[in-house]
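Please read the structure below before turning to the comments.
What follows draws every value from the coordinates through simple rules; no lab data is involved. Quick caveat: nothing in here was measured; it's all calculated off a predicted structure. Because the Cβ atoms are built from the backbone with ideal geometry, glycine has one as well, and the counts that use them run over all protein chains shown.
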Amino acid sequence: MECRSRLLQTPTLTRIVIVGAGPAGIAAAELLSRASVEVTLIDEALHPGGQYHRAPAPGLKLDMRRLLGAGYAAYETFHKDAAALCAKVDYRPGTLAWSVHGGAVHLASRRSTQALGFDALVLATGATDRIMPAPGWTLPGVFTLGGAQALLKDQGCLIGRRVVVCGSSPLLYLAAVQYLRAGGEVAAVIDTTRFADKLRALPDMLAAPSVLSSGLRHMVELKRREVRIVHGATIDAFEGEGRVAAVLCTLPNAAPLRIACDAVAYGHGLRPETQLAELAGCALRYDAVQRNHVPDTDLEGRAGQGIYVAGDGGTIGGGQAAAVSGSLAAAAVLRDLGLSAIDIDLAARRRLLQRLRRFQRGLATAFRWPSERAVLLDDAVILCRCENVTFGEVRAAMDQQGDTAEVNRIKTASRCGMGRCQGRFCGAGLAEVVAASARPSDRERDRLRVQAPIKPLPIALAMDVSP
Amino acid sequence: MTRPGAAEFAAHEGEVVVASSILYRIAVFDTPLLSLTVDGRPVQSRQGESVLAAMLTNGDHVRRHENGGEPRGGFCLMGACQDCWVWIGPGERGRACTTFVADGMQISTSPDPHFD
């Protein structure tokens, strides 16, 4: 009887699909679960948290309280709420949303596929590290900065015994502190942005004083533990035979510095995972401050008819901004569908999100994306690590195409961006190579187009999923 | 050298540290022991461990690149870059960083001759 009534009810309920169970997706799901709508929460990982609140794999004896320090309270609250929520909604872990087309989001889990229709779709797909290639960046032992943290939290492993943390990101300092707390040795933190640029960014960063002060606390902790920190360095190369053994860097007006290590955590901030938004037909625009292509949305995340984007998958803003934007997107969904509004203070959330976005503008100055490197790097350096395409091969393709050069034509000619990652890790560097060329630059256009499936699917599923 | 906090995170006593390994385990799994092979070589692992963690605490690469043949060890560690693509025999391929170990798993760092 219970089953029967459920069957009768289901078609009449409005279905909201959320992709991503990080801070943005969970905040959206939490608010929507209080309305009379059917909420389906899709997540590629097996457990909620995204990257920001990543939890140890079941059975791993890792002391998260010790690892996260002051950040533990927020982590604990998130996971308590997320566990209760996931039991209440249609939660689908281990499921990849591989496309959005024909009014449905297309899902694949290990053994099955499904096309799921929706009345509204909230994309909370998060971000990955943005990388400027450097000589030797494909050597084993060189990992992304976010990856170094994910591996520690999820698997209880450090990327090496003696680690160099480098690039340009506030996460350099967080990752270094976490590695020290976990008993690792941090050989150096090499920050490619000058200290003067950080001071210049202070006015904007004061928009979120608590986030700023937690960043400063990490710097102090590193100083106290006598970790070498350099600002304004150029990363010249990752060196090693078969695996990384040293980082070569240069400070202005100084001799090159070689720092021995057995692993490297490397990153230049984050880039949003915009693939599903693009497949759903949302417009993307070039954000000149963050130097990323982002879905064009209003503050509440409206990105198109029935499509909403929340968290770092829209505008990079960090975990707190992601949660706020998730609840704003959920409130927008309810309002746009004419459903009863939920009693939360939307105006306060809008103000908070605007403050956190202003803080992020400061971060973009304090931790610069080193776009000029794309022009300076040697022809022999690998730009596309999937297909082993070098900067030289890309430049040759540019020369051939002259004024008609644009990233998607360069991709066709050079294979740069044609590999399995679909340009997630070469796209930012490729865009800078093309933008720096002689022809008139069009940053709006210099973006690799997405293709479904957004990640490789198991071959066994391929017959199931032809659109 | 003093490493504050190292004691709390100490791995199993008597654990064999593989000299050529990349990763350094600082917390252990309290889960059943599993046996797998990497290129035919036996490797012990525990339920909950990723294929990448099992491979890189026991070795220094997860695959060889199809074109250059140079070793690769994974990069993003969150399922986005596809650099840690391995062959999980028989008949499956996948990312080492988001695939979890299973008892009897046979992993290859280069194409499986019976597949692909």
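In the range B:72-100, which residues have a backbone nitrogen under 15 Å from the label point lying 7 Å from B:ARG41's Cα in the Cα-to-Cβ direction?
Flagged as within label range: B:72-73.
What is the angle, in °, between the Cα long axis of helix A:145-155 and the longest principal axis of the Cα atoms in chain A? Nearest 10 is fine, range 0 to 90.
Helix A:145-155 and the main axis of chain A meet at about 60 degrees.
I'd like the distance between the alpha-carbon centres of the range A:88-113 and the range A:271-314, rounded to an integer number of Å.
Centre-to-centre (Cα) distance: 20 Å.
Spin-label point model (7 Å from Cα, Cβ direction): what's the A:GLN305 to B:ASP30 distance in nm?
Inter-label distance under the simple model: 5.4 nm.
Among A:LEU328, A:TYR72, A:GLY102, whose Cα projects farthest towards the positive end of the dipole of chain A, with charges put on the beta-carbon of Lys, Arg (+1) and Asp, Glu (-1)?
Comparing the listed Cα positions along the dipole, A:TYR72 ranks first.
Give me the Kirkwood hydrodynamic radius of the range A:136-185, using the inverse of the mean 1/r over all pairs of distinct Cα atoms, in Å to one decimal.
About 11.0 Å, per the Kirkwood formula over Cα pairs.
Quick one: A:HIS106, A:HIS101, fewest Cβ neighbours within 10 Å first, how do they rank?
So the ranking, lowest neighbour count to highest, is A:HIS101, A:HIS106.
Work out the count of Lys pairs in the protein assembly as shown where the Cα-Cα distance is under 27 Å, with the pair 8 or more places apart or on different chains.
Step by step, the pairs that qualify in the protein assembly as shown add up to 9.
If N is the number of residues in the protein assembly as shown, what value comes out of its Cα radius of gyration divided by 2.2 N^0.38 Å?
My calculation over the Cα atoms of the protein assembly as shown gives 0.93.
Multiply the residue gap between A:ARG409 and A:ASP81 by 0.36 nm, knock off their C-alpha separation, and tell me the result in nm, one decimal place.
Gain in length upon complete extension: 113.4 nm.
Which Cα, out of A:ILE344, A:ALA175, A:VAL186, lies furthest along the positive dipole direction of the protein assembly as shown (beta carbon charges, K/R +1, D/E -1)?
Of the candidates, A:ILE344 comes out farthest on the positive side.
Using 0.36 nm times the number of residues separating A:SER210 and A:GLN114, minus their current alpha carbon distance, what extension gain do you get?
30.2 nm
For helix A:23-32, what angle does its Cα long axis make with the longest principal axis of chain A, in degrees from 0 to 90 and rounded to 10?
The angle comes out at about 10 degrees.
Using 1/(1 + (r/R0)^6) with R0 = 51 angstrom and r between the beta carbons of A:ALA104 and A:GLU239, what's the FRET efficiency to the nearest 0.05?
0.55
Would you mind checking the tilt of helix A:72-88 against the longest principal axis of the Cα atoms of chain A, expressed as 0 to 90 degrees and rounded to 10?
For A:72-88 against chain A, the angle is about 30 degrees.
I need the calculated FRET efficiency for the pair A:ARG224 and A:PHE195, taking r as the beta carbon distance and R₀ as 25 Å, to the nearest 0.05.
Once rounded, the FRET efficiency stands at 0.85.
Please give the net charge around A:ALA332, taking every other residue with its beta carbon less than 9 angstrom from that of A:ALA332, where Lys and Arg add +1 and Asp and Glu add -1.
-1
Place +1 on the Cβ of every Lys and Arg and -1 on the Cβ of every Asp and Glu in the protein assembly as shown, take the dipole about the Cα centre, and give the residue among A:ALA428, B:SER50, A:THR113 whose Cα lies farthest towards its positive end.
Looking along the dipole axis, the top candidate is A:ALA428.
Full-extension gain between A:ARG335 and A:ALA254, please, as 0.36 nm times their residue separation minus the C-alpha to C-alpha distance.
Using 0.36 nm per residue and subtracting the Cα-Cα distance, I get 23.3 nm.
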